[in-house]
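To keep things clear, I will list the structure first and then write my remarks on it.
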Amino acid sequence: MDILEDLKWRGAINQETDEEGLRKLLSEKKISLYCGTDPTGDSLHIGHLIPFIVLKRFELAGHHPYILIGGGTGSIGDPSGRKTERQLQTMEKVQHNVQALTEQTTRIFGGSGHITFVNNYDWLSKINLLDFLRDYGKEFGVNTMIKKDIVASRLENGISFTEFTYQILQSVDFLHLYKKENIQLQVGGADQWGNITSGVDLIHKKEGQDAQVYGLTIPLMLKADGTKFGKTAGGAVWLDPKKTSPYEFYQFWLNQDDRDVVKYLKYFTFLSHDEIDALAEKVKTQPEKREAQRALAREVTTFVHGKEAMQEAEKISEILFSGNIKELTPDEIEQVFGKMPSVEISSNKQNIVEWLVENKIESSKRQAREDIQNGAITINGERIRDLNFEIDPSQSFEGKYVVARKGKKNYTLAKVNDNE
């Protein structure tokens with residue numbers, strides 16, 4: 001099965017500029033291709049993974065992918081998917097984000113050494129205004145530009161000339177990479193179709209209609225219930241472990257709906273067709289075992305964070321399921337409970353009733369005593385029923401934390417602060 005058929009099977013193709021031409025090209029040679037992202041933040045989220053994983057699949061098929069970090073385009077802002085003007089970032093912030101994203105994408109995708117990383121600031125910043133207008137602006141008709149979805153969706157609320165020119169800059173990227181690196185395919189999300197086709201058109205105008213360049217977009221990812229993929233109650237799921245810990249990342253994939261998990265196995269993992277078909281059958285016949293979800297969580301967490309982080313996330317999950325959280329390290333405690341409600345405490349010993357009330361876990365001593373006697377309070381994974389029990393922070397998690405739970409799900413992380 002060739003790369004395009006594999007992508008179709010995985011549901012990873014939305015639109016192609018010329019499927020027959022691209023298929024013929026891929027059958028004749030190994031090509032260079034690219035996908036870009038703008039440095040709007042200092043981390044990618046899982047939505048960015050979709051087109052970049054397509055690049056990885058091309059790499060595994062022997063082709064040469066380029067990842068473009070848009071230090072130039074990111075300084076003006078892509079109007080895609082927005083109803084209002086994007087707030088311009090300072091150039092210092094743009095450069096900070098460029099560096100962060102370059103390091104992140106290199107860590108995740110650059111291990112093989114077969115992916116090249118480029119920054120479009122390197123060539124866009126060298127084009128002066130008159131050359132931009134004469135060499136490129138003259139090739140774009142305003143009537144055509146405003147019909148592109150990326151611009152048309154903004155006309156009602158208004159769009160600045162700055163954002164209006166974004167598709168020209170992205171087209172210049174494709175032309176530059178075609179001429180300098182012989183890149184013949186651009187990959188992007190569904191919302192990039194207008195920008196990609198503008199680039200193909202510019203290359204044909206500048207280099208001739210026989211120039212073999214193509215565009216391919218990835219479908220918009222929606223969950224089975226119709227909502228947008230990649231969001232949780234806490235916001236986006238980031239690839240930066242400081243923003244979304246490997247444990248939280250693992251849990252995101254582990255908790256996917258049965259209706260979505262096979263689709264995500266096809267999109268986000270490099271498991272074979274037979275392996276995915278076998279897991280799909282398990283979803284039908286033994287959904288309670290959640291084998292497909294576990295495979296998904298293992299594969300994607302390993303790809304993004306490495307095998308060691310995946311194994312640690314799996315270990316944390318097993319310990320939490322057993323309830324024996326004393327086996328967790330302080331770092332693991334921070335991963336699991338770091339974003340839950342927290343309080344600061346001293347290292348002094350204290351009666352449990354007073355401790356619960358003082359830290360606002362219980363509203364009153366009467367309620368605290370009642371919950372303790374009813375077995376509703378656990379401290380560091382141990383159910384406490386003794387009203388005289390003393391909490392001693394020095395006895396748990398290297399003296400850094402105390403983990404309290406009221407009922408089944410209401411956790412509080414108490415962080416030891418000797419200045420308190």
Criterion violated by GLY375 - all others in (1) surrounded by 16 or more Cβ atoms within 10 Å (Cβ to Cβ); (2) at pLDDT 90 or above satisfied: (1)
Mind checking whether some residue in the range 22-34 is open to solvent by less than 40 Å² (accessible area, probe 1.4 Å), small (Gly, Ala, Ser) and at pLDDT 95 or above? yes
Sole exception among (1) within 17 Å of the chain's Cα centre (by Cα); (2) at pLDDT 95 or above for ASN120, by number: (1)
Test of understanding: among GLN251, GLN256, which residue is farther than 21 Å from VAL54 by Cα, open to solvent by 10 Å² or more (accessible area, probe 1.4 Å) and assigned to a loop (DSSP other than H, G, I, E, B)? GLN256
So PRO287 ticks every box in (1) open to solvent by less than 40 Å² (accessible area, probe 1.4 Å); (2) within 30 Å of ASP6 (Cα to Cα) but one. Which box is left unticked? (1)
If a residue has to be of a type in the set (Lys, Arg) and closer than 16 Å to LEU265 by Cα to count, how many in the range 211-229 make the cut? 1
Restricting the range 386-397 to residues that are surrounded by 12 or more Cβ atoms within 10 Å (Cβ to Cβ) and assigned to a loop (DSSP other than H, G, I, E, B), the residue that is nearest to the chain's Cα centre (by Cα): SER396
Would you confirm whether or not the range 336-352 contains a residue that is open to solvent by 20 Å² or more (accessible area, probe 1.4 Å), assigned to a helix (DSSP H, G or I) and of a type outside the set (Lys, Arg)? no
Of the numbered conditions (1) open to solvent by 50 Å² or more (accessible area, probe 1.4 Å); (2) on the phi < 0 side of the Ramachandran plot, ASN182 fails exactly one; give the number of that condition. (2)
Regarding ILE316, is this residue in contact (Cβ under 8 Å) with a residue 60 or more places away in the chain, open to solvent by less than 40 Å² (accessible area, probe 1.4 Å) and not basic (Lys, Arg)? yes
Among the residues of the range 96-119, write down those that are touching a helix residue (DSSP H, G or I) at 6+ places or on another chain (Cβ under 8 Å) and of a type in the set (A, V, I, L, M, F, W, C). VAL98, ILE108, PHE109, ILE115, PHE117, VAL118
Which residue out of VAL336, VAL304 is closer than 27 Å to GLU398 by Cα, touching a helix residue (DSSP H, G or I) at 6+ places or on another chain (Cβ under 9 Å) and among the aliphatic types (A, V, I, L, M)? VAL336
May I ask you to list pairs of residues, at least six apart or on different chains, whose Cβ atoms are under 8 Å apart, with the first in the range 393-413 being at pLDDT 90 or above and of a type in the set (Phe, Trp, Tyr) and the second being assigned to a loop (DSSP other than H, G, I, E, B) and buried (at least 20 other Cβ atoms within 10 Å of the Cβ)? PHE397/LEU328; PHE397/ASN380
Close pairs from the range 27-53: first among the basic types (Lys, Arg), partner buried (at least 17 other Cβ atoms within 10 Å of the Cβ), Cβ under 9 Å, at least 6 apart: LYS30/HIS63; LYS30/HIS64
May I ask you to verify whether ILE159 is open to solvent by less than 10 Å² (accessible area, probe 1.4 Å) and in contact (Cβ under 8 Å) with a residue 24 or more places away in the chain? no
Selection status of VAL357, free of Cβ contacts under 8 Å to residues at least 40 places away in the same chain, touching a helix residue (DSSP H, G or I) at 6+ places or on another chain (Cβ under 9 Å) and surrounded by 15 or more Cβ atoms within 10 Å (Cβ to Cβ): yes
Closer than 23 Å to GLN335 by Cα, in contact (Cβ under 8 Å) with a residue 12 or more places away in the chain and of a type in the set (D, E, K, R): is that true of ASP371 in this structure? no
Give the residue, chosen from ARG405, ARG366, that is of a type in the set (Lys, Arg), part of a helix (DSSP H, G or I) and open to solvent by 30 Å² or more (accessible area, probe 1.4 Å). ARG366
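The values are calculated or read from the model by the stated rules, or taken from the named source; none is laboratory data. In this text, all values refer to a predicted model and were calculated from it rather than measured experimentally. Note that we place each Cβ from the backbone using ideal geometry, even for glycine, and neighbour counts take in every protein chain shown. These area figures cover heavy atoms from the full protein model, side chains too; ligands, DNA and RNA do not enter into them. Shrake-Rupley method; radii C 1.70, N 1.55, O 1.52, S 1.80 Å.
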